[in-house]
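Peer 1: I am attaching a structure below and will ask some questions about it afterwards.
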Amino acid sequence: MDDTTPHQRPVGRKMTPQRAEFRRLAQSAEVGMVTRAQLAVLAQNLTCTGLINGTESHLLLILINTAPADAFDKSGQPIVFKSNRQLAFEVGRSVGRVSRMLSRFFDLGLITMQDSGNYKRYPIRNSDGDITDGCGVDLRILIARYGELDRRVKKIRAEKKATEAALRRYRGALRNTRYALAAADLSATARRRVADRIERISNYVGIAAKASNHMLRRATFLLEWSIDRLMQLAPRRQGQLEAEKTTRLDVENDMHKQITPPYQSERSNGQPASVHAGRLGFPKAGAASNRALEQSAAARPGSIGERDTGRQALVALKDVLRAAPTLKELGCSPNNFRDLVRLTPMLCRFTGISEGIRSNAVATMGELQAAVAVAITLEKTNRQEVASPGGYLRAMTERAAAGKLHLARSVFGLAARSGPEAFDRTVGQT
């Protein structure tokens, strides 16, 4: 007859591959390399990493201080034999809460457990009364991982200091931008547009004290870029941007969900003006804004042009960067066309092109050619040749639909008019 006795439910501590690995790491720890005082300081500092909370840090500190100082010397055994009931009394929490926290420590690799047959905790002593082994909470894993955890704490502290520095710089840039706007000689319409862009940046950052370092640095870059235009300063060189450790704008697209150009210039010939509104003395956008595409430069033989199928061939990325040095000026450095495509939504928001116009361009031209078209539009807007970036991209889309768009000619025409000196000044080495 088959045995119908049901198997009993396994009783004991849950064992996982990770816990087994932590046990093996604890056994390989070199006791004597780290003192108890160093571990106590580490336990208090781990809260800043988010690894444990304040109550868990308190319990871990109690465990460390329970073991005698000489247990962390060579040939020592840093094992704690206190019961959960005693630990609960000292930490001021329930026994069940202490048990859960100890299990969490085991999963995080902050302690390991040496269990007896009945899960009691007790030391094993030699004839001289010295503890040689025991069953309890083993702290050797902290010794083995001390360097790793200490570096993690230092990294978090360094990031916090960097965030505080970025916060101070952002607040200063926001204040200085408003002062520059008050001092700039602008019309009421242009002043209102500049103020609106500044408030959009400020509203997106929200509570500055809670914003990330990355967001603060990118917002600061846009504000300082606005100050340069308002004060009629020359564009910054790429070396200056690197020296100031300004975060590239192409790292994360969601930062610019609501950020549009910091300002737009005064109206010219009844048309909205470009992103450089604050730069006093800029030439007005005139008839150049009515030209749909460059017709000045033809495609290079053997390298670019129109295929027999009638579809446009994409130019090389280096030619796009040479034709549109404003990308480099804004801190955008795409390494390939995939990066340029990813940057396109942010560039549209920055230039003032609506999402509908961009989507229509992508549907008509494809993502790659639409990205090149946006780069051309950005550059011409920066040069005050286009008064309405959205209208210009719409005109390019209509030409593409009619088969009359020549992106290669536009790119090489802009590159030729930039010249080697302008290219070296704004783009630098790619």
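The values are calculated or read from the model by the stated rules, or taken from the named source; none is laboratory data. These numbers come from a predicted model, not from an experiment. Note that each Cβ is placed from the backbone with ideal geometry, even for glycine, and that neighbours are counted across all protein chains shown. These area figures cover heavy atoms from the full protein model, side chains too; ligands, DNA and RNA do not enter into them. Shrake-Rupley method; radii C 1.70, N 1.55, O 1.52, S 1.80 Å.
Peer 1: Does Gly413 count as surrounded by fewer than 20 Cβ atoms within 10 Å (Cβ to Cβ), among the small types (Gly, Ala, Ser) and either closer than 17 Å to Pro325 by Cβ or within 35 Å of the chain's Cα centre (by Cα) (or both)? Please lay out each step first, then the result.
Peer 2: On the way: surrounded by fewer than 20 Cβ atoms within 10 Å (Cβ to Cβ): yes; among the small types (Gly, Ala, Ser): yes; either closer than 17 Å to Pro325 by Cβ or within 35 Å of the chain's Cα centre (by Cα) (or both): yes.
Spelling it out, Gly413 is indeed surrounded by fewer than 20 Cβ atoms within 10 Å (Cβ to Cβ), among the small types (Gly, Ala, Ser) and either closer than 17 Å to Pro325 by Cβ or within 35 Å of the chain's Cα centre (by Cα) (or both).
Peer 1: On to the next question. Restricting region 1-41 to residues that are touching a Leu at 6+ places or on another chain (Cβ under 9 Å) and assigned to a loop (DSSP other than H, G, I, E, B), which is modelled with the highest pLDDT?
Peer 2: By that ranking, first place goes to Val34.
Peer 1: Open to solvent by less than 60 Å² (accessible area, probe 1.4 Å), modelled with pLDDT of 90 or more and within 33 Å of the chain's Cα centre (by Cα): does that describe Ala373? Outline the logic, then answer.
Peer 2: Values: open to solvent by less than 60 Å² (accessible area, probe 1.4 Å): yes; modelled with pLDDT of 90 or more: yes; within 33 Å of the chain's Cα centre (by Cα): yes.
Spelling it out, Ala373 is indeed open to solvent by less than 60 Å² (accessible area, probe 1.4 Å), modelled with pLDDT of 90 or more and within 33 Å of the chain's Cα centre (by Cα).
Peer 1: I need the full set of residues from region 52-97 which are within 16 Å of Gly109 (Cβ to Cβ) and touching a residue at least 60 places away in the same chain (Cβ under 8 Å), in order please. Full working, then the answer.
Peer 2: Taking region 52-97 and keeping what is within 16 Å of Gly109 (Cβ to Cβ), we get 52, 56-57, 59-60, 63-64, 78.
Result: Leu63, Ile64, Pro78.
Peer 1: Take the residues in region 388-430 that are modelled with pLDDT of 85 or more and of a type in the set (Phe, Trp, Tyr); name whichever of them is farthest from Asn335 (Cα to Cα).
Peer 2: The qualifying residue farthest from Asn335 (Cα to Cα) is Tyr392.
Peer 1: Taking region 85-95 on its own, how many of its residues are in contact with a Ser or Thr (Cβ under 9 Å, 6 or more places away or on another chain) and not in a helix (DSSP H, G or I)?
Peer 2: Residues meeting the conditions: 2.
Peer 1: So, one more: How many residues are charged (D, E, K, R), out of contact with any strand residue (DSSP E or B) (no Cβ under 8 Å at 6 or more places or on another chain) and not in a helix (DSSP H, G or I) if we restrict to region 50-84? Walk me through how you get there before you give the answer.
Peer 2: Taking region 50-84 and keeping what is charged (D, E, K, R), we get 56, 70, 73-74, 82.
Narrowing the set further to residues that are out of contact with any strand residue (DSSP E or B) (no Cβ under 8 Å at 6 or more places or on another chain) leaves 56, 70, 73-74.
The next check asks that each one be not in a helix (DSSP H, G or I); those that pass are 73-74.
Here the count works out to 2.
Peer 1: Of the residues Gln44, Gln77, Gln86, Gln114, which single one is buried (at least 19 other Cβ atoms within 10 Å of the Cβ), of a type outside the set (Val, Ile, Thr) and at pLDDT below 95? Reasoning before the result, please.
Peer 2: Details: Gln44 fails: buried (at least 19 other Cβ atoms within 10 Å of the Cβ); Gln86 fails: buried (at least 19 other Cβ atoms within 10 Å of the Cβ); Gln114 fails: buried (at least 19 other Cβ atoms within 10 Å of the Cβ).
Every option except Gln77 fails the conditions.
Peer 1: Here is a further query. Let me confirm something: among Arg23, Arg19, which residue is charged (D, E, K, R) and open to solvent by less than 50 Å² (accessible area, probe 1.4 Å)?
Peer 2: Numbers: Arg23 fails: open to solvent by less than 50 Å² (accessible area, probe 1.4 Å).
Step by step, each of Arg23, Arg19 is checked, and only Arg19 is charged (D, E, K, R) and open to solvent by less than 50 Å² (accessible area, probe 1.4 Å).
Peer 1: Here's another thing I want to ask about it. If I go through region 292-333 residue by residue, how many of them are modelled with pLDDT of 80 or more, of a type outside the set (Ser, Thr, Tyr) and surrounded by 20 or more Cβ atoms within 10 Å (Cβ to Cβ)?
Peer 2: The initial filter retains those residues of region 292-333 that are modelled with pLDDT of 80 or more, namely 316-327.
Now narrow it down to the ones that are of a type outside the set (Ser, Thr, Tyr): 316-325, 327.
From the residues that got through so far, the ones that are surrounded by 20 or more Cβ atoms within 10 Å (Cβ to Cβ) too are 320-325, 327.
Number of matching residues: 7.
Peer 1: OK, next. With (1) touching a residue at least 24 places away in the same chain (Cβ under 8 Å); (2) more than 13 Å from Leu230 (Cβ to Cβ); (3) surrounded by 12 or more Cβ atoms within 10 Å (Cβ to Cβ) as the list, and Val194 as the residue in question, which single condition is left unmet?
Peer 2: Looking at each condition in turn, Val194 falls short on (2).
Peer 1: Taking the criterion of being open to solvent by less than 40 Å² (accessible area, probe 1.4 Å), assigned to a helix (DSSP H, G or I), over 30 Å from Ile227 (Cβ atoms) and at pLDDT 90 or above, would at least one residue in region 153-168 satisfy it?
Peer 2: Yes - at least one qualifying residue is present in region 153-168.
Peer 1: Could you run through region 21-51 and say how many residues are of a type in the set (S, T, N, Q) and without any contact (Cβ under 8 Å) to a residue 24 or more places away in the chain? Can you show your working first?
Peer 2: Taking region 21-51 as the starting set, the residues that turn out to be of a type in the set (S, T, N, Q) are 27-28, 35, 38, 44-45, 47, 49.
Those left that are additionally without any contact (Cβ under 8 Å) to a residue 24 or more places away in the chain: 44, 47.
Matching residues across region 21-51 total 2.
Peer 1: Can you pull out every residue in region 197-211 that is closer than 26 Å to Lys161 by Cα and open to solvent by 60 Å² or more (accessible area, probe 1.4 Å)?
Peer 2: Asn203, Ile207, Ala209, Lys210
Peer 1: Turning to a different aspect of this structure: Output the residues belonging to region 376-392 that are among the hydrophobic types (A, V, I, L, M, F, W, C) and open to solvent by 10 Å² or more (accessible area, probe 1.4 Å). Break it down into steps so the answer makes sense when it comes.
Peer 2: First, the residues of region 376-392 that are among the hydrophobic types (A, V, I, L, M, F, W, C): 376, 378, 386-387.
Once the filter is applied, which keeps residues that are among the hydrophobic types (A, V, I, L, M, F, W, C) and open to solvent by 10 Å² or more (accessible area, probe 1.4 Å), region 376-392 yields nothing.
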